[in-house]
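The structure appears below as structure tokens.
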Amino acid sequence: MPKTRGTGLLMLWTDIDAEHEAEFNRWYDEEHLERLLKVPGFLSASRYAAVKGGPKYLAMYELEDPNVLRTSAFLDELRYRPSPLRQKASGSHVGRNFLLQAYRQIFPPRTQPIEATRGPAPFLQMGRIDVPAAVEEEFNDWYNTVYVPNYLQVPGVLGARRYVVIDGQPKYLTLYEFESATVSESEAWLTTRASNPWTKRITPFMRHDAGSPGVYRRLWPA
């Protein structure tokens, strides 16, 4: 099976005015995704809409590694002459809670072979997080050894990954893959969150970005 995941992500979040949504979605699904997936190192792509949190729309590109974004193939794609559909659709969203960030995977340190060919989850929960430097080392130890492993035991959790941003803020991204939109509202999830004393110590230091954590439903592929 073809590889669908590496160690990099390119994520784009944005809100769209209602009158432009149909045009924006058509451009993304019929043109934009196809062009970027032709760039070597772009392994797969998916699109989501927020069920909770925001911004509303998310495009997620799985990369072989973040260095793909420095290649001439990708940079040439950014410079290509816009089609009429792109000119019409993309101009309607830039500046409306627009967030474009690249990430490097830090947990797990490498993707297992069986996961490297997995398709996009039906639902995601994502946290965009900063923490004070004084607790950053402890924060990462706790996240990787307690917080994520415990949540992976909750029914409906399909997987979890953590990333550090290449350039920008917030520094950290956590991405949970869910079977349904309500996994993080379940009794098992809430019990897990409240069960560990270390969690109670660290969570007050976490600073979430606006709209985070957000829960997203997959739009594409259908």
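The values are calculated or read from the model by the stated rules, or taken from the named source; none is laboratory data. On a predicted model such as this, the values are computed, not experimentally measured, just so you know. Methodologically, a virtual Cβ is constructed for each residue, glycine included, from the backbone with ideal geometry; neighbour enumeration extends over all protein chains shown.
Starting from residues that are among the basic types (Lys, Arg) and either closer than 30 Å to Thr111 by Cβ or at pLDDT 90 or above (or both), keep the ones in segment 55-96 and report whichever is nearest to the chain's Cα centre (by Cα). Even if it seems obvious, please write down each step before you answer.
We begin by selecting, within segment 55-96, every residue among the basic types (Lys, Arg); these are 56, 70, 79, 81, 86, 88, 96.
Subsequent filtering for residues that are either closer than 30 Å to Thr111 by Cβ or at pLDDT 90 or above (or both) retains 56, 70.
Working: Lys56: 13, Arg70: 20 Å.
Top of the filtered list is Lys56.
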query: Scanning segment 161-192 for residues that are without any contact (Cβ under 8 Å) to a residue 40 or more places away in the chain and either in contact with a helix residue (DSSP H, G or I) (Cβ under 7 Å, 6 or more places away or on another chain) or not polar (S, T, N, Q) (or both), which turns out nearest to Thr111 (Cα to Cα)?
result: Trp189
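Can Pro132 be described as touching a strand residue (DSSP E or B) at 6+ places or on another chain (Cβ under 9 Å) and either more than 20 Å from Ala50 (Cβ to Cβ) or at pLDDT 95 or above (or both)? Give the derivation first.
Numbers: touching a strand residue (DSSP E or B) at 6+ places or on another chain (Cβ under 9 Å): yes; either more than 20 Å from Ala50 (Cβ to Cβ) or at pLDDT 95 or above (or both): yes.
Taking the combined requirement at face value, the residue satisfies it.
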